[in-house]
Structure formats: structure tokens, C-alpha cells
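Please treat every number below as a calculation from the coordinates, not as lab data. What you see is a predicted model, and the numbers here were worked out from it, not measured in a lab. Don't worry about glycine lacking a Cβ; one is built from the backbone with ideal geometry, like all the others, and counts go over all protein chains shown.
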Amino acid sequence: MVDILLSGTTQGLIWAILALGVYVSYRVLDIADLTCEGCITLGASVTALLLWKEVNPWLAVLIAFLAGCIAGGITGVLHTKMKIPPILAGILTMISLYSINIHIMSIATEKQGTANLSLLRIDNLYTDFSSSKLGELLNMGKTNAALLIGVIFCVGIIAILYWFFGTELGSSIRATGNNEKMCRAQGIDTDLTKIIGLALSNGLIAVSGALLSQYQGYSDVNMGVGSIVIGLASIIIGEAIFARTKRFAIMLIGIVVGSVIYRLVVSLVIFSGMPSTDLKVMTAVVVIVALCLTSFASKVRAKSAKGGKGNV
Amino acid sequence: MSEPLTPMLSLKGIQKSFHRGTVNQKDVLKGIDLDLAPGDFVTIIGGNGAGKSTMLNAIAGVWKVDGGTISVDGVDVTATSEHKRAKYLGRVFQDPNMGTASNMQIDENLALAARRGKLRTLKWGLTSGERASYREQLKMLDLGLEDRMSTKVGLLSGGQRQALTLLMATLQRPKLLLLDEHTAALDPKTAAKVLSLTDQLIEENHLTALMVTHNMRDAIAHGNRLIMMHDGHIILDIAGEEKKKLTVEILLEKFSQTSGSEFVNDRALLG
Ligand SMILES: Nc1ncnc2c1ncn2[C@@H]1O[C@H](COP(=O)(O)OP(=O)(O)O)[C@@H](O)[C@H]1O
Ligand SMILES: [Mg+2]
């Protein structure tokens, strides 16, 4: 049981990075970006390939991030420069990534059409860390190392996001998701801010995939299916918990907490005997119900806000 | 009239059609010529669909015009994109929701506006020094917003937002201020307040401005020059002493003389 909670938490932290990425596109930019589904796999495949080639695992995560940024940037260009609706732009990138991911994994095996890549018995972040001096000093096994690394990534990414969205550039990205017309009137290149926002979002999603592949010990071309819904579920749970907060940092922490809660619930549900193949529909139902509730709540709020405002 | 100074705005033969080349083609601007001297405050009236908003959008670069040239202070901006042109322009829209980011705080909105025309870098987006100066400027609006700088703009009333948008439009002194019926969505009392704030900001900053209004009295009472648009043309352009002597009756008469039709704008006669 403790094992289940521990691995649930660790996985929650890894998926939280994806949820933070989805937050950037869905909440900050107000774009439902399906690139996510191919991008988590892209992060996993790139990392798997690099680990096969004995590249340093930390460097592999960084390269996965950059690969994700490129994928997100492409969706951004399709949407802004070629005027393709964002949903379709995301789908187009996602579909392309399916083939690309297989190509990436095929490079490692030198066999065409490799749809998954095992990372068992290959050194990764977690084994590296637990066998490092620091890991030995802390006497950490692989499981604890994975938990610690998850915490480090989440804290670091929250700190970076908090800083970034406070900068001039970050503020203009936030404003873009809020009111594009106003942004252009204020001299903001909204094409550019969307492209940067989508690149950042998908970079994070790829990092999530990079850690996930190392944690579960393989990369699989289908591992991203439904991932955007999982991200949304985490965001919605987080927002429900920290409903009253106006602070951006708390909001981000809420998403991580939401993701961990989601994973723990999933672990427990599976532990209790529900077939894991039913998970996706369960997640979808959770998101549907939550979205209905929030749209209902905002309607109520809008109604009460209309009444009684003072002059001017 | 000879014009020794470079015009602050110069429109030459501006044409714009929507749905061009389809059966629905609609020619909206049919050759607009207009020169504004620095410091001109021009009010614009005209019936519904005369092309007033379209002219302002053409100047702002919301889309490219189909013909003609647009220069701001001697710089040809005809081919310049909307966000680059914003460097020269302050804009306030009819819809109070349009001019601000409602999920962001008052001070954050001002900080966005203060960087109009500048490269947005990885420097902090809102410094404490800035906040102090915004507080002073908000005090001038006399709406108590200086004590609510961390409030999300979405919680403000329409009038408060228009006042804030005006301040945002002038925070970085624009070469040209574009106001498109910016008081039309407000109740009369609030509209009057926002209008007097408009006068004040234009006067203090010596701005050149174009103000569309549906209210003939306002058009007569404000600014030093008045133009009337009809069916994609400027059909009246009255400035100086003649403008000061204008009345609603004279305007209506001039309108039917030049256009050969009755002035059709239900709202224009009211108020
Ligand atoms: N984006 C657009 N697409 C199609 N038609 C438009 C568009 N913008 C304006 N029009 C049409 O152009 C005409 C002039 O509109 P507008 O400039 O908004 O008039 P107004 O003088 O009332 O501000 C109207 O008939 C309007 O329907
Ligand atoms: Mg209009």
C-alpha cells in the first residue's frame, strides 16, 4: 500500500509537468492544444534514443525539452501564420509526431517501424542519482530518488514559470490569452507570443515524457493517447482545491497537487480492481462534470456581477 | 490652405472593400483623403455604416487597405502591421471590454501599455517605481482606482474601464489618438465624465486625435474640427471659427445638402 502511494505520488509529479504545460496553452493562452498527445511521446522517444546512445540523462531531458519546443512552435506557426484553427493545427502536429516518434525510436534499434523502446538495464536519471555521491550520502534507493527528482523538477519549473510570466514577455503572453485585440493595440505581436507560449507549453510536456520514459522504463508510440485530458483533469482538480487563490504561484502549486491527487486516485481505483482500460473514460467523465460545474459557476458569478455596480 | 508642418496623419485615396471579388463585395471606403495637422482634435460623425470605424481600423492597420496610402508624422505605414503601427497610436474602442485585459490587474494593464512600441524582454514586467507613477496617474482620473491597483480589470465598471483604457492609450504619448464611439456604451452621466477626461488628456498632452461619436452635440462641443462621413466619403470638413458656430440644425441641413438624403442614425439625434 505504501508502495502504491509512493509510486502514485512520483507519477503524479511527473504528470504534473505535463499539466503545467497544458495550463500554459489551455489557461494562459486559451488554446486547446492537442500537440500535447504527440509531444509527451516525443519527449519520451527522444530521451529513449539518447539514453540508448549513452547521452547524459540530464542532457537528454534538456534536448527533449527543446524538441517539444520545436513541435509546439510548429503548431504555433501553423495556427498564426497559416491561419489554421488551433485545434486542427495541434492535431496536424500530433499526427505528424506519430510518424516522427517511430522514426526517432527506429534510429535506436536500426529497425524500421519501431513503435516502442525499452530502457530496462540502461542508466537513467534515477539510477544515476541513486548511485551518485549525493544519492549514496542520502542512502537513496531508486524509488526515493524518483520522488526527489520529481519534486526538484516541479519546484524548479514552478519557479521558472512564475518568473517568466512576470517578465515583460511573459506578461504579454498572458495578455494575449486574455484579449488579442487589445494586445495588438498595445504593440504586442500576438503571433509571436502565441508561438512562444505554445513552444514553452510543449517543451514542458516533452520534459514530462522524458521523465516518464525513464521512470517506467520504456517509450511507446501510444503513450500520449488521452494525455491532454489527464492534464486538464489535474488542472481542474487543482483549481477546485485552490478556488479562492488569485496568486499565480499558488495556482501552479495547485496544479501539481491536482496531478498527484489524480494519480493517487487512479492508483487506488486500479488497486481496488477496476480494469485500467476503463481509466480513460473515467477521466473524461471527471473532466466533463468539472467543466460543466465551472461553466455553471461562472454563469452564476457573471449574473451576480451584473447587478449593482456604482457610477462610472 | 498651405500646410507648413508635416501632417500628423495623412490619408490619400484610401479604399477598402470587404468580401472583395465575391457577390457580397461591399465597398466601404471609397477614396478617403484627410490630413491632420499636429494638435488637431477632429470629431467624426456620420450615419450607421458610413465607414467611420472602418476608417479608424484602416489607420490602425487591423487589415491592409485595398488602395491609397497612410502616413503618420511623415512615415508611410501603409504596409506596416497592426502591432508595429501601435507604436504611434493610442486606441480606445466602443466596447469597454475591448481595451483592457480583464483577467489582469489594473497595474499590469498599465505596465503593458507603458511598453507600447518597445521590445518586450525578460526584464521584470512591472517594477515598484512604475507602480508609484501609475498611482499618481490614476489619482488624476478621480475614480479611486489608485487604491485598487491589484484589482483585476474584469471587476471594473464600463466607465472605469474606458477611463483606464484612455489612460493606457496616452501613457506612452501617441502621435495619434483614435477614439471609436468610446462613450457610446456608457450611461449619459458616465459618458460625460469620460468625455471630459478625454478633453483633459488631449489638452494636457497636446495630442492629435480622431474621435468618432454618434452624438452631434458632443461632436460640435469637442475638438477644433469636425468631419462628417457618408457612404464611404468625407462629405463635410469644418474647422476653426465655422466649427465654433455650428449647431445640430446647421449640421443636419448641410448633411442633406451634400448627401442628398436624410441623416440616418437613430441615436445621433438623441442626447
Ligand atoms: N470586417 C468586416 N467585414 C465585412 N463587412 C464589414 C466589416 N467591417 C465593417 N463592415 C461593413 O462596412 C460598413 C461600414 O461599417 P463601419 O465602418 O463599422 O460603419 P460605422 O460608420 O457605423 O462605424 C458596414 O456596412 C459594415 O457592415
Ligand atoms: Mg462604428
For the protein assembly as shown, just list the percent of Cα-Cα distances falling in each 20 Å bin from zero outward, please. 19, 43, 27, 11, 1
Can you give the average number of partner chain beta-carbon atoms within 10 Å of each beta-carbon in peptide A:168-180, as a whole number? 6
Distant-in-sequence amide H partners of residue A:167 (H built 1.01 Å from N, under 5 Å): B:125
Given labels modelled 7 Å from the Cα in the Cβ direction, how far is it in nm from residue A:1 to residue A:82? 5.4
Taking placed amide H atoms and a strict 5 Å upper bound, the residues 5 or more places from residue B:209 or on another chain that come that close are B:40, B:41, B:42, B:177
Beta bridges by DSSP in the protein assembly as shown, antiparallel share as percent, to the nearest 5: 60
Options A:99, A:207, A:125, ranked by Cα towards positive dipole end of segment A:2-222, top entry (Cβ charges): A:99
Taking Cα pairs under 8 Å and at least six residues apart, what relative contact order does segment A:2-222 come out at, in percent? 44
If you filter segment B:50-84 for trypsin sites (Lys or Arg not before Pro), then keep DSSP loop positions with at most 16 other Cβ within 10 Å, what is left? B:64
Of A:281, B:185, A:79, which is farthest along the charge dipole of the protein assembly as shown in the positive direction, counting Lys and Arg as +1 and Asp and Glu as -1 at C-beta? A:281
Among beta bridges that DSSP assigns inside chain B, antiparallel share in %, nearest 5: 55
Length gained if residue B:30 through residue B:62 is fully extended, taking 0.36 nm per residue and subtracting the Cα-Cα distance, is 9.8 nm
With labels modelled as points extended 7 Å from the Cα through the Cβ direction, what inter-label distance (nm, one decimal) is found for residue A:111 paired with residue B:84? 5.4
What is the magnitude of the charge dipole of segment A:2-222 about its Cα centre, with +1 placed on the Cβ of each Lys and Arg, -1 on the Cβ of each Asp and Glu, and no other charges, expressed in debye to the nearest 20? 300
What dipole magnitude, in Debye to the nearest 20, does the protein assembly as shown give about its Cα centre under +1 on Lys/Arg Cβ and -1 on Asp/Glu Cβ? 640
Could you tell me which residue out of B:197, B:257, B:213 lies farthest along the dipole of the protein assembly as shown toward its positive end? Charges go on the beta carbon: Lys and Arg +1, Asp and Glu -1, centred on the Cα centre. B:197
If one takes the longest principal axis of the Cα atoms in chain A, at what angle in degrees, from 0 to 90 and to the nearest 10, does the Cα axis of helix A:86-109 lie? 10
FRET efficiency, residue A:269 to residue A:218 (Cβ-Cβ, R0 41 Å, nearest 0.05): 0.95
Residue A:210: net charge of surrounding residues, Cβ under 15 Å, Lys/Arg +1, Asp/Glu -1, itself excluded? -2
Please compute P(r) over all alpha-carbon pairs of segment B:188-267, binned at 5 Å starting from zero, and give each bin as a whole-number percent. 3, 12, 24, 24, 18, 11, 6, 1
Hydrodynamic radius of segment A:2-222 per Kirkwood, over alpha carbon pairs, in Å: 17.8
Could you work out the Rg to Rh ratio of chain B, with Rh taken as the Kirkwood radius (inverse of the mean 1/r over all Cα pairs)? 0.97
Per 5 Å bin from zero, what fraction in whole % of the C-alpha pairs of segment A:192-312 is there, up to the bin with the longest pair? 2, 9, 13, 18, 20, 15, 10, 6, 3, 2, 1, 1, 0
For segment A:150-243, calculate the relative contact order in percent as a whole number, restricting contacts to Cα pairs under 8 Å that are 6 or more residues apart. 14
With θ set to phi - 60° and the Karplus curve 6.51 cos²θ - 1.76 cosθ + 1.60, what are the ³J(HN,Hα) couplings of segment A:225-234 in order, to the nearest whole Hz, using x for Gly and Pro? 4, x, 5, 5, 5, 5, x, 4, 4, 4
